[in-house]
Amino acid sequence: MINTQKIEKKWQKYWQEHHTFETKIDHTKEKYYYLVEFPYPSGAGLHVGHVRSYTALDALARKKRMMGYNVLFPIGWDAFGAPAEQYAIKNHIHPSVAVKENIQTFKGQIQKLGISFDWSREFSTTDPEYYRWTQWQFLQFFKAGMAYKARKNINWCPNCKTGLSNEDSSGGVCERCGSQVVQKEKEQWMLRMSDYAESLIDGLKDTDFEERIKTAQINWIGKSTGAEVDFEIPQVHEKLKIYTTRPDTLYGVTFMVVAPEHPYIDLYSGLIKNMNEIIDYREKTNKKTEFERTQLVKEKTGVRIDGLTAVNPITKKEIPIYISDYVMMNYGTGAIMAVPAHDERDYEFAKKFGIEIIPVIEGGDISKEAYIGDGKMIHSGILNGLDNKKDSIQKMLDYLEEQGIGKKKTNYKLQDWIFTRQRFWGEPIPLIYCEDCGWVPVPEEDLPVLLPDVAEYEPTDDGESPLARIPEFVNTTCPHCGKPAKRETDTMPNWAGSSWYWLRYMDPHNEKEFVSKEALDYWGKVDWYNGGMEHATRHLLYARFWNQFLYNQGLVPNSEPFKVRAAHGMILGEGGVKMSKSLGNVINPDDIVENYGADALRTYEMFIGDYEKEAIWSEQGLNGCRRFLDKVIRLADKVVEKKEYSKEIEKDIHKTVKKVTEDLDSLKFNTAISALMILLNKMEKMDAVTSKDFRTYLTLLNPIAPHLTEELNEMCHLGEPLCESSWPTYDDSMLVDEEKEIAVQVNGKVRATITVHIDDDDQTIEEKAKAAENVQKHIEGKEIVKVIVIKGKIVNIVVK
RNA sequence: GCGGGUAUGGCGGAAUUGGCAGACGCACUAGACUUAGGAUCUAGCGCCGCAAGGCUUGCAGGUUCAACUCCUGUUACCCGCACCA
């Protein structure tokens with residue numbers, strides 16, 4: 001009997017010693033680049049969810065190699081960032097030591113699964129040889145004017161003591177530790193990602209991402225079109241610029257609202273009579289977290305600015321200005337025109353503050369709620385008579401531009417990327433501040449700026465990076481003028497290292513460039529990128545943005561880095577709940593490998609269900625797959641030496657080759673395995689199978705269960721190792737059956753099945769159908785209205 | 001609220017895109033071998049019914065000779081975004 005432990009080790013060693021999966025540039029072969037999101041080597045070890053996606057792409061990669069492609073299938077480690085640091089702090093070891101340990105664990109676990117990664121290309125984002133180039137690329141952003149420092153109200157996690165991007169603090173809680181996020185003003189390095197909003201939407205055209213991923217990205221970027229309109233503030237002869245998507249409702253504007261942080265408030269504080277009240281409101285708002293501010297939707301609050309008014313540029317009517325926290329400073333212009341008749345929020349506000357409500361679109365009942373539907377324009381001067389939104393907006397836009405009081409404008413929710421963290425465990429930002437020269441980049445030859453080796457890496461309470469406490473690190477000289485200067489002490493966010501890692505895989509040991517042009521030209525785009533749905537917006541947008549920037553700088557040949565992006569579903573614990581330590585339902589892949597073997601685990605995870613949907617772990621299901629593999633082993637006893645397929649299953653084999661080939665290509669691993677089970681069930685019933693039958697069978701199964709199939713191939717002397725062989729082909733003529741059973745329906749109900757020959761014409765089939773015993777019974781004495789014969793499929797007899 | 005998606009036996013899930021619903025696997029039942037086993041083999045297994053037959057893809061309609069598949073309406077759940085003007 002076969003010892004899975006032994007043979008798995010044996011073949012893993014074989015692949016390693018023969019460098020089977022190591023790839024080199026080879027212009028005689030077509031390239032294919034499979035990428036899996038590199039893991040964060042956490043202390044918890046590998047999860048069965050990792051196994052699912054790695055096995056899936058491993059199967060695809062193994063098949064593609066057998067089909068003659070030069071396959072790049074690399075792996076590495078995304079090891080910077082808060083989790084690694086938190087782990088290190090908790091366990092009182094330096095992050096770099098902890099990371100090293102965790103990587104060892106992960107690597108061991110992955111290797112036990114027999115994933116065909118090219119380990120010669122392995123790196124970690126925390127390697128100085130790697131982050132040297134992360135820093136170098138940051139400097140390209142800086143030099144291109146794409147990085148800037150701004151004093152910003154940022155999301156601050158009081159527990160992690162660091163600033164967080166909007167992406168990391170969604171819902172008002174810290175992504176990492178779950179604490180309530182508060183607002184704090186800090187100087188931050190920003191990347192001008194919002195400049196790329198349009199291009200990030202546009203670029204999706206050049207990709208083959210799953211629809212749900214495209215949609216998630218488009219929603220996140222949040223494009224909207226409308227107009228900017230100037231409202232005069234007569235007291236100061238200055239314009240208040242607002243953004244609206246509904247310029248058609250301009251005649252219905254009865255008040256203005258500005259964000260509490262709007263600069264005009266301080267600018268014209270001298271004219272505002274109730275400044276105390278305003279400041280009071282603003283402070284209250286500031287104490288609210290982003291979460292509270294967006295959650296307390298029930299009651300509108302605000303304060304009228306006493307002393308300033310605005311003039312509606314269309315009606316020339318003078319209207320009040322309020323401040324309210326339902327208007328955000330970071331979107332549009334931080335000021336809105338309020339149309340209570342046709343906007344729910346404005347309606348609520350107007351009701352509460354007793355402001356006039358003027359309907360300008362017919363429909364609804366203004367005494368009850370804002371009417372947000374379409375309709376005929378009323379009380380609307382030049383727009384009167386138009387009967388739909390689209391035309392009205394267009395006419396108003398034309399008028400605004402003609403009069404010079406407004407213009408068409410597109411807005412995006414996507415904001416600039418806050419590119420700073422006040423943490424130790426990240427790439428140091430390679431900039432130096434000089435009193436005379438300002439911010440100066442560290443010269444390229446001085447890169448990388450190494451993280452100093454220190455004892456204290458815990459964050460500080462004052463919001464400064466721990467690096468700020470290390471004089472030897474901070475104090476330096478200006479590369480420009482040579483005077484004493486200070487280093488930037490903030491580090492990059494953990495998204496930095498993952499924003500270009502697929503490029504480094506192409507040329508991981510290059511000491512002169514981040515990647516050579518030759519490697520870029522050969523490997524091109526990532527053909528297939530697999531990752532979790534949780535990264536559909538953040539990581540995937542950052543990576544695309546970064547790549548588009550590099551492209552615009554002429555540093556990479558493609559604007560879009562990834563052709564296909566697919567996402568695997570999560571694996572849930574029994575009962576359909578998320579696996580978690582606290583529930584004690586986490587499955588450790590090591591245990592499964594030990595008890596059932598890596599091949600059984602792989603087969604099970606591929607068989608568990610639709611790859612893109614979530615799946616529920618079941619030990620019994622796993623056992624079923626183990627049984628399947630055992631049956632394959634037992635089949636080896638029946639193999640007889642013969643270089644042809646067995647006649648009785650020849651067609652089945654051809655069909656299975658086609659089915660498995662196509663199913664693997666479209667990620668239908670479950671049905672591919674099912675097809676192999678069906679073929680196996682047939683072969684089991686035979687007295688003997690030929691060596692060619694078995695060899696083809698093993699080849700088809702090899703991408704899923706590579707160890708066992710190699711072993712059986714060797715044991716039965718079927719030929720060279722499968723990893724060095726080619727993928728089987730099928731013959732179209734072998735896919736057609738001479739005879740086939742088809743159903744006969746009477747009035748749409750199946751009454752019999754008949755056997756038809758491929759050469760039978762409709763007439764013959766119809767006669768056979770009518771002759772069937774049970775059909776006779778149902779058509780006897782009735783008038784046949786119609787007979788439908790669909791060749792090779794079905795016969796339907798309609799009777800009255 | 002906006003956007004995307006899902007719904008099929010006791011369970012995980014199939015269905016060549018309009019052509020025999022429930023492939024394959026799990027669980028279960030009976031039998032064989034063994035006679036403790038979580039091993040293996042054989043047969044059965046959507047629901048009602050002794051049977052003939054009838055019913056069945058969240059629910060209600062519609063188109064069609066024929067609907068899990070197309071159309072209309074509706075419910076539930078999941079995911080993403082969200083006082084975004």
Would you mind checking A:LYS659/A:LYS685; A:LYS740/A:LYS777; A:LYS316/A:LYS390; A:LYS112/A:LYS655 for any pair whose Cα atoms are more than 29 angstrom apart? A:LYS112/A:LYS655
Expressed as a percent, the accessible surface of chain A that is carbon or sulfur, using a 1.4 Å probe and the full set of protein chains, is 49 percent
Positive-pole candidate from A:SER674, A:CYS160, A:VAL48, dipole of chain A, charges at beta carbon: A:SER674
Kirkwood-type radius of the range A:692-800, with distances r between different C-alpha atoms, in Å: 17.3 Å
Roll a 1.4 Å probe over the protein heavy atoms and report the accessible area of A:LYS107 in Å², nearest 10. 40 Å²
When the solvent-accessible surface of protein heavy atoms is calculated with a 1.4 angstrom probe, in what order do A:VAL258, A:VAL750 fall, highest first? A:VAL750, A:VAL258
Accessible area (Å², 1.4 Å probe, nearest 10) - A:GLU261: 70 Å²
Leaving ligands, DNA and RNA out of it, work out the accessible area of A:LYS668 with a 1.4 Å probe and give it in Å² to the nearest 10. 100 Å²
Which cross-chain or sequence-distant (5 or more) residues have an amide H under 5 Å from the amide H of A:ILE378, H modelled 1.01 Å from N in plane? A:ILE361, A:GLU362
With every protein chain kept in the model, how would you rank A:TYR522, A:TYR371 by accessible area, 1.4 Å probe, largest at the top? A:TYR371, A:TYR522
Mind giving me the nanometre distance, one decimal, between the label points for A:LYS749 and A:HIS509, set 7 Å out from Cα along Cα→Cβ? 7.5 nm
Solvent-accessible area per residue, Å², over the range A:408-523 with all protein chains present [probe radius 1.4 Å]: 43 Å²
With a 1.4 Å probe and every protein chain left in place, work out the accessible area per residue of the range A:12-141 in Å², rounded to a whole number. 35 Å²
Roughly how tilted is helix A:344-353, in degrees to the nearest 10 and between 0 and 90, from the longest Cα axis of chain A? 30 degrees
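Using only helices, what value at 222 nm comes out for chain A when you add -39,500 (n - 2.57) per DSSP H run of length 4 or more and divide by the total residues, to the nearest 500 deg cm²/dmol?
-10500 deg cm²/dmol
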Taking amide H positions as placed in the peptide plane 1.01 Å from N, state which residues far from A:LYS31 in sequence (5 or more) or on other chains have amide H under 5 Å from it. A:ASN70
Putting +1 on Lys and Arg Cβ atoms and -1 on Asp and Glu Cβ atoms, find which of A:ASN475, A:PRO508, A:GLN422 reaches farthest to the positive end of the dipole of the range A:419-534. A:PRO508
Of all the Cα-Cα pairs you can form in the range A:95-221, what percent are over 20 Å apart? 69 percent
At 10 °C and 1.306 mPa s, what whole-number value in µm²/s does Stokes-Einstein give for the translational diffusion of chain A, with Rh from the Kirkwood sum over Cα pairs? 50 µm²/s
Would you mind checking the tilt of helix A:538-552 against the longest principal axis of the Cα atoms of chain A, expressed as 0 to 90 degrees and rounded to 10? 80 degrees
Return the long-range amide H neighbours of A:VAL564 (sequence gap of 5 or more, or a different chain), with a cut-off of under 5 Å between placed amide H atoms. A:ASP208, A:TRP528, A:TYR529
Compute the distance from the alpha-carbon center of the range A:676-755 to that of the range A:555-586, in whole Å. 32 Å
Report the charge-dipole magnitude of the range A:646-741 in Debye, nearest 20, computed about the Cα centre from +1 at each Lys and Arg Cβ and -1 at each Asp and Glu Cβ. 160 debye
Work out the length of the dipole vector of chain A about its Cα centre, built from +1 on the beta-carbon of each Lys and Arg and -1 on the beta-carbon of each Asp and Glu, and round it to the nearest 20 debye. 1020 debye
For Cα pairs less than 8 Å apart in space and 6+ apart in sequence, what is the mean separation divided by the residue count of chain A, i.e. the relative contact order in percent? 14 percent
For the range A:615-628, what does the Karplus curve 6.51 cos²θ - 1.76 cosθ + 1.60, with θ = phi - 60°, yield as ³J(HN,Hα) per residue in whole Hz, taken in order and with x for Gly and Pro? 9, 9, 5, 9, 5, 5, x, 4, 4, x, 5, 4, 4, 4
Report the relative contact order of the range A:32-86, percent, no decimals, based on alpha-carbon pairs under 8 angstrom and at least 6 residues apart. 61 percent
Give me the accessible area per residue for the range A:686-787, probe 1.4 Å, as a whole number in Å². 51 Å²
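Keeping every protein chain in place, order A:ILE754, A:ILE784 by accessible area at 1.4 Å, biggest value first, i.e. largest first.
A:ILE784, A:ILE754
The values are calculated or read from the model by the stated rules, or taken from the named source; none is laboratory data. Only a predicted model underlies this, so the values are computations on that prediction, with no experimental measurement involved. Please note: Cβ atoms are built from the backbone with ideal geometry, for glycine as well, and neighbour counts cover all protein chains shown. Just the protein is used for accessible areas: all its heavy atoms, side chains included, with ligands, DNA and RNA removed. Shrake-Rupley method; radii C 1.70, N 1.55, O 1.52, S 1.80 Å.
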